[in-house]
Amino acid sequence: MITAAVRSTTSGAARLQGNKATFATRKATTSSKSRSSTTTNTKTPTMMLTKLWRSVVGNGACRARHTLRAYNGTNKAAFSVASPDKVDVQIPVAVSPEVAKKHGFEVIKEEFVKEYGSNCVLYRHTGTGAELMSVHSADENKTFGAVFRTPVEDSTGVPHILEHSVLCGSRKYPIKEPFVELMKSSLNTFLNAFTYPDRTCYPVASCNTRDFYNLVDVYLDAVFYPRCAEKSNPENVKIFEQEGWHHELDSPDPSQLQYKGVVFNEMKGVYSSPDSVLGRVCQQALFPEITYGVDSGGDPRYITDLTYEQFCDFHSDFYHPSNTRFWFYGDDDPETRLEILSNYLKDFEANQAGVEKSRVLTQKKFTEPRTVTDYYAVSESEDPSQAGQQKAYVNVNWVLEDDVFDLETQLAFGFLDFILLGTSGSPLRKALIDSGLGEAVCGGGLEDELRQPTFSIGLKGVESSSEENLKKVETLVLETLESLAEKGFSDSSIEAALNTIEFSLRENNTGSFPRGLSLMLRSMQAWIYDKDPLEPLRWEDQ
Ligand SMILES: [Zn+2]
């Protein structure tokens with residue numbers, strides 16, 4: 001919980017990672033920033049970019065400044081080995097609609113995505129409404145994912161606790177920790193789970209086909225038949241208590257009663273990091289009326305309000321095929337994918353009520369800018385009263401759109417973000433650093449992974465004894481943007497941005513992160529909101 005004393009720290013990266021996805025204890029390292037997109041049209045006019053900024057700067061009403069004052073009181077190392085454009089292998093041919101029908105699926109659309117040398121087929125399971133994107137490529141690093149929409153109404157962290165708990169044994173795999181066993185024994189190149197503010201993802205990857213299908217089976221059984229949500233066995237509540245929260249008494253003195261639990265403890269850690277507090281509070285200030293206004297990861301103050309009953313209800317509402325988007329990617333047999341899923345889906349009926357409940361609503365724009373102040377915990381040794389100076393984080397934030405960006409706007413904002421902040425010489429970054437008002441840039445710039453994209457920027461380590469000083473940061477951000485909107489950007493800076501972003505898209509170097517998974521997460525940015533899942537993958541002129 002955030003209490004305790006004293007002032008700010010200034011070291012560490014300026015970019016916020018924790019504000020959009022509370023990762024499982026096995027932390028993933030994907031960066032949404034590196035996935036910002038581009039266009040190959042090298043004639044993108046300065047005008048278009050400056051016009052965009054004018055619309056943003058001019059629209060002060062959707063803005064919120066956020067001040068965080070000091071309060072006195074992963075991913076397994078893996079290798080993505082194949083590169084479709086470098087390997088001369090036949091891409092598997094999709095099954096015929098008749099064969100798909102035999103397995104209970106109808107084809108919604110089929111397209112070749114040249115950017116990734118992949119044939120993509122979108123299916124709907126007729127019995128349940130589950131959707132499947134089956135991507136056929138020459139990549140031997142096969143990827144599977146099951147993604148559920150899991151919006152929340154409070155900060156008890158129910159999706160996060162569920163994400164941990166479903167991996168603690170299931171109907172077919174009743175062992176205590178199948179996840180740990182798989183980590184040790186399988187040939188996986190990726191095995192993890194992520195909780196976002198509005199969805200929960202279960203991805204696996206492997207280059208070995210048998211191992212891959214085994215992983216898929218363990219994950220499917222885990223999400224649809226976890227022991228933790230099986231109320232018939234009273235023992236199962238212990239999984240919820242272990243992963244979520246429980247009381248612990250180390251001594252006979254009842255006043256020593258403590259709360260413990262894997263997620264409870266994890267979130268206490270998250271809440272003690274100023275950068276993560278900043279990201280979360282900015283997001284909540286921008287979206288007070290919808291699911292992004294509460295913490296899906298869990299606020300330690302509210303995690304202990306969650307009951308086992310509510311936890312099980314959340315599972316039955318949302319972990320249902322009707323609310324699932326499945327993803328297969330790689331060089332494995334297209335029909336086997338349908339067979340595997342069909343074996344699980346045949347036992348379910350459609351659950352339209354759950355689908356309705358899972359829809360992610362949008363935030364209405366504010367009628368005027370808002371200012372929010374919050375506090376972060378610091379250690380006693382950093383007591384500002386002793387250091388004689390209080391330090392704050394100051395961020396200016398915008399909601400950029402009423403809904404998901406269309407592709408063109410997304411590409412343009414990706415460029416703008418890079419031009420404004422991408423390098424140490426970028427004008428907005430430089431203006432902030434050169435001002436001497438703070439010690440480092442904070443706020444990650446463009447964030448377009450959730451339904452309504454945002455832009456957040458500011459400084460940390462700002463001397464905060466006077467409100468005037470905090471206001472200076474806001475004024476600097478606004479004036480810099482206004483002046484850039486007026487003057488435009490130089491051709492050379494636009495060209496540099498184009499070259500850099502285009503190169504990174506073409507190379508698609510996801511490092512140790514499987515390519516198939518990177519594509520899945522990108523596609524999900526639209527698909528999860530019932531938009532075209534292929535649109536985010538198309539960045540070349542069609
Ligand atoms: Zn976790």
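The values are calculated or read from the model by the stated rules, or taken from the named source; none is laboratory data. In this text, all values refer to a predicted model and were calculated from it rather than measured experimentally. Cβ sites come from the backbone with ideal geometry, for glycine too, and all protein chains shown count toward neighbours. The area values use the complete protein model at the heavy-atom level, side chains included, leaving out ligands, DNA and RNA. Shrake-Rupley method; radii C 1.70, N 1.55, O 1.52, S 1.80 Å.
Given the options Leu519, Leu478, Leu484, name the one that is assigned to a helix (DSSP H, G or I), open to solvent by less than 10 Å² (accessible area, probe 1.4 Å) and of a type outside the set (D, E, K, R).
Values: Leu478 fails: open to solvent by less than 10 Å² (accessible area, probe 1.4 Å); Leu484 fails: open to solvent by less than 10 Å² (accessible area, probe 1.4 Å).
Being assigned to a helix (DSSP H, G or I), open to solvent by less than 10 Å² (accessible area, probe 1.4 Å) and of a type outside the set (D, E, K, R) holds for just one of Leu519, Leu478, Leu484, which is Leu519.
Looking at Ser137, is it more than 22 Å from Val223 (Cα to Cα) and out of contact with any Phe, Trp or Tyr (no Cβ under 7 Å at 6 or more places or on another chain)? Taking the combined requirement at face value, the residue does not satisfy it. Only one of the numbered conditions (1) within 30 Å of Asp402 (Cα to Cα); (2) within 16 Å of the ligand (Cβ to nearest atom); (3) open to solvent by 20 Å² or more (accessible area, probe 1.4 Å) is violated by Asn351, and that is (2). For the stretch 436-458, a residue qualifies if it is out of contact with any Pro (no Cβ under 8 Å at 6 or more places or on another chain) and either assigned to a strand (DSSP E or B) or not assigned by TED's automatic domain parsing to the domain that holds Lys472 (or both), and the qualifying residues are Ala440, Val441, Cys442, Gly443, Gly444, Gly445, Thr454, Phe455, Ser456, Ile457, Gly458. Are any residues in the stretch 430-448 touching a helix residue (DSSP H, G or I) at 6+ places or on another chain (Cβ under 6 Å) and open to solvent by less than 20 Å² (accessible area, probe 1.4 Å), and if so, which ones? Residues satisfying the conditions are Val441, Gly445, Leu446. Is it the case, given these coordinates, that Val152 is of a type in the set (A, V, I, L, M), assigned to a loop (DSSP other than H, G, I, E, B) and within 16 Å of the ligand (Cβ to nearest atom)? Yes; evaluated as a whole, the condition is true for this residue.
Counting only residues that are closer than 30 Å to Tyr202 by Cβ and among the aliphatic types (A, V, I, L, M), give me the strands (runs of 3 or more DSSP E) lying completely in the stretch 320-435 with at least 1 of them. Don't jump to the end; show me each part of the working.
Details: elements: 324-330, 370-376, 391-399.
Correct list: 391-399.
Kindly indicate whether Ser426 is among the hydroxyl-bearing types (Ser, Thr, Tyr), in the same structural domain as Ile494 (by TED's automatic domain parsing) and at pLDDT 95 or above. The answer is no for Ser426.
For the stretch 144-159, give me each residue that is among the hydroxyl-bearing types (Ser, Thr, Tyr) and buried (at least 24 other Cβ atoms within 10 Å of the Cβ). Outline the logic, then answer.
Step one: list which residues in the stretch 144-159 are among the hydroxyl-bearing types (Ser, Thr, Tyr), which gives 150, 155-156.
Passing the criteria: Thr150, Thr156.
What do you reckon, is Ala387 open to solvent by less than 40 Å² (accessible area, probe 1.4 Å) and at pLDDT below 95? Can you show your working first?
Details: open to solvent by less than 40 Å² (accessible area, probe 1.4 Å): no; at pLDDT below 95: yes.
Considered against the rule, which asks whether it is open to solvent by less than 40 Å² (accessible area, probe 1.4 Å) and at pLDDT below 95, Ala387 comes out as no.
Determine if the stretch 184-192 includes at least one residue that is crowded, with 21+ Cβ neighbours inside 10 Å, at pLDDT 95 or above and outside any strand (DSSP E or B). Within the stretch 184-192, none of the residues are crowded, with 21+ Cβ neighbours inside 10 Å, at pLDDT 95 or above and outside any strand (DSSP E or B). For the stretch 332-344, the criterion of being more than 16 Å from the ligand (Cβ to nearest atom) and either β-branched (Val, Ile, Thr) or closer than 20 Å to Phe194 by Cβ (or both) is met by at least one residue.
Val404 - would you say it is of a type outside the set (Lys, Arg), more than 23 Å from the chain's Cα centre (by Cα) and at pLDDT below 95? Answer is no for this residue.
Looking only at the stretch 117-151, count every residue that is of a type in the set (Ser, Thr, Tyr) and out of contact with any Ser or Thr (no Cβ under 7 Å at 6 or more places or on another chain) and tell me the total.
Our first condition is that a residue be of a type in the set (Ser, Thr, Tyr); within the stretch 117-151, this holds for 118, 123, 126, 128, 134, 137, 143, 150.
From what's left, out of contact with any Ser or Thr (no Cβ under 7 Å at 6 or more places or on another chain): 126, 134, 143.
The total comes to 3.
Within the stretch 234-258, being more than 25 Å from Val158 (Cβ to Cβ) and either in contact with a Ser or Thr (Cβ under 6 Å, 6 or more places away or on another chain) or open to solvent by 70 Å² or more (accessible area, probe 1.4 Å) (or both) holds for Leu249, Asp250, Pro252, Pro254, Ser255, Gln256.
Among the strands (runs of 3 or more DSSP E) contained in the stretch 193-290, which hold 3 or more residues that are modelled with pLDDT of 95 or more?
Working: elements: 199-206, 246-248, 258-260.
The strands (runs of 3 or more DSSP E) meeting that bar are 199-206.
I'd like to know if the stretch 312-334 contains one or more residues that are open to solvent by 40 Å² or more (accessible area, probe 1.4 Å), of a type outside the set (D, E, K, R) and in contact with a helix residue (DSSP H, G or I) (Cβ under 6 Å, 6 or more places away or on another chain). No, that holds for no residue. Is at least one residue of the stretch 343-355 at pLDDT below 95, more than 25 Å from the chain's Cα centre (by Cα) and of a type in the set (Ser, Thr, Tyr)? Within the stretch 343-355, none of the residues are at pLDDT below 95, more than 25 Å from the chain's Cα centre (by Cα) and of a type in the set (Ser, Thr, Tyr). Going through (1) closer than 25 Å to Tyr393 by Cα; (2) of a type in the set (Lys, Arg); (3) open to solvent by less than 20 Å² (accessible area, probe 1.4 Å) one by one, Arg301 falls short only on (3).
Would you say Tyr219 is in contact with a helix residue (DSSP H, G or I) (Cβ under 6 Å, 6 or more places away or on another chain) and assigned by TED's automatic domain parsing to the domain that holds Ile161? Lay out the reasoning, then the answer.
Values: in contact with a helix residue (DSSP H, G or I) (Cβ under 6 Å, 6 or more places away or on another chain): no; assigned by TED's automatic domain parsing to the domain that holds Ile161: yes.
The answer is no for Tyr219.
If you check Val294, Val277, which single one turns out to be aliphatic (A, V, I, L, M) and open to solvent by less than 20 Å² (accessible area, probe 1.4 Å)?
Details: Val294 fails: open to solvent by less than 20 Å² (accessible area, probe 1.4 Å).
It is Val277.
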